[in-house]
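Please read the structure below before turning to the comments.
The values are calculated or read from the model by the stated rules, or taken from the named source; none is laboratory data. Just so it is clear, the model here is predicted, and its values are computed rather than measured. Backbone-built Cβ (ideal geometry, glycine too); neighbour counts: all protein chains shown.
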Amino acid sequence: MAAELQETRPSARVLLIEDEHPLARLMERYIRARGFQVETCGLAQEALSLLSRSVAYDAVVSDWSLPDMTGEELMQRIVSLCPGLPVVVCSGHPLSSERLPPNARFLQKPFLPQALAAALDSLIPPSGS
């Protein structure tokens with residue numbers, strides 16, 4: 001499975017925000033298998049702190065339901081800190097597109113690794129594209 005997802009993106013960085021540790025590890029593996037560098041945090045405040053330090057990320061993959069902040073508030077703050085930063089929002093519940101930032105994709109949990117790969121590929125084209 002990982003071999004079919006492999007892609008080369010040595011400099012592309014993804015910030016993963018997921019509070020469920022086993023799921024975070026699994027998603028991290030999927031993202032790395034796609035060739036991205038990935039940094040993972042479990043809280044919205046931690047993610048916002050990383051984003052405010054001017055760490056350059058090419059995309060964010062975030063759970064919608066986090067213990068320390070609503071998904072809507074997190075998305076508003078990400079847009080405020082990093083306008084135009086692509087985001088993949090994941091949730092076990094359907095979300096209307098009006099609740100998402102303009103440069104966002106939505107994945108309903110559970111999803112296949114290929115769906116996460118496709119969402120990231122639509123936001124961050126492979127090097128040389």
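Being closer than 25 Å to Pro22 by Cβ, out of contact with any Cys (no Cβ under 8 Å at 6 or more places or on another chain) and among the hydrophobic types (A, V, I, L, M, F, W, C) narrows it down to one residue among Leu81, Leu100, Leu51, Leu120; which is it?
Result: Leu120 is the single residue among Leu81, Leu100, Leu51, Leu120 that is closer than 25 Å to Pro22 by Cβ, out of contact with any Cys (no Cβ under 8 Å at 6 or more places or on another chain) and among the hydrophobic types (A, V, I, L, M, F, W, C).
Within the set of pairs 6+ apart or on separate chains, which have a first residue in region 87-108 that is within 11 Å of Val60 (Cβ to Cβ), a second that is β-branched (Val, Ile, Thr) and assigned to a helix (DSSP H, G or I), and C-beta atoms under 6 Å apart?
Here the result reads Pro101/Val79, each pair linking region 87-108 to a residue that is β-branched (Val, Ile, Thr) and assigned to a helix (DSSP H, G or I).
Could you check, for region 96-104, whether at least one of its residues is modelled with pLDDT of 95 or more and surrounded by fewer than 18 Cβ atoms within 10 Å (Cβ to Cβ)?
No, every residue in region 96-104 fails to be modelled with pLDDT of 95 or more and surrounded by fewer than 18 Cβ atoms within 10 Å (Cβ to Cβ).
Tell me, yes or no, whether region 108-123 has at least one residue that is hydroxyl-bearing (Ser, Thr, Tyr), touching a Lys or Arg at 6+ places or on another chain (Cβ under 7 Å) and within 16 Å of Arg13 (Cα to Cα).
Yes: region 108-123 contains one or more residues that are hydroxyl-bearing (Ser, Thr, Tyr), touching a Lys or Arg at 6+ places or on another chain (Cβ under 7 Å) and within 16 Å of Arg13 (Cα to Cα).
Select from region 51-66 the residues that are more than 25 Å from Ala115 (Cβ to Cβ) and either within 12 Å of the chain's Cα centre (by Cα) or not polar (S, T, N, Q) (or both) and list them in ascending order.
Result: Arg53, Val55, Ala56.
Residues in region 93-102: is at least one over 17 Å from Ala24 (Cβ atoms), in a helix (DSSP H, G or I) and out of contact with any Phe, Trp or Tyr (no Cβ under 8 Å at 6 or more places or on another chain)?
The answer is yes; a qualifying residue exists.
I'd like the residue in region 38-56 that is touching a helix residue (DSSP H, G or I) at 6+ places or on another chain (Cβ under 8 Å) and among the hydroxyl-bearing types (Ser, Thr, Tyr) and, out of all such residues, is nearest to Val14 (Cα to Cα).
Among those residues, the one meeting the criterion is Thr40.
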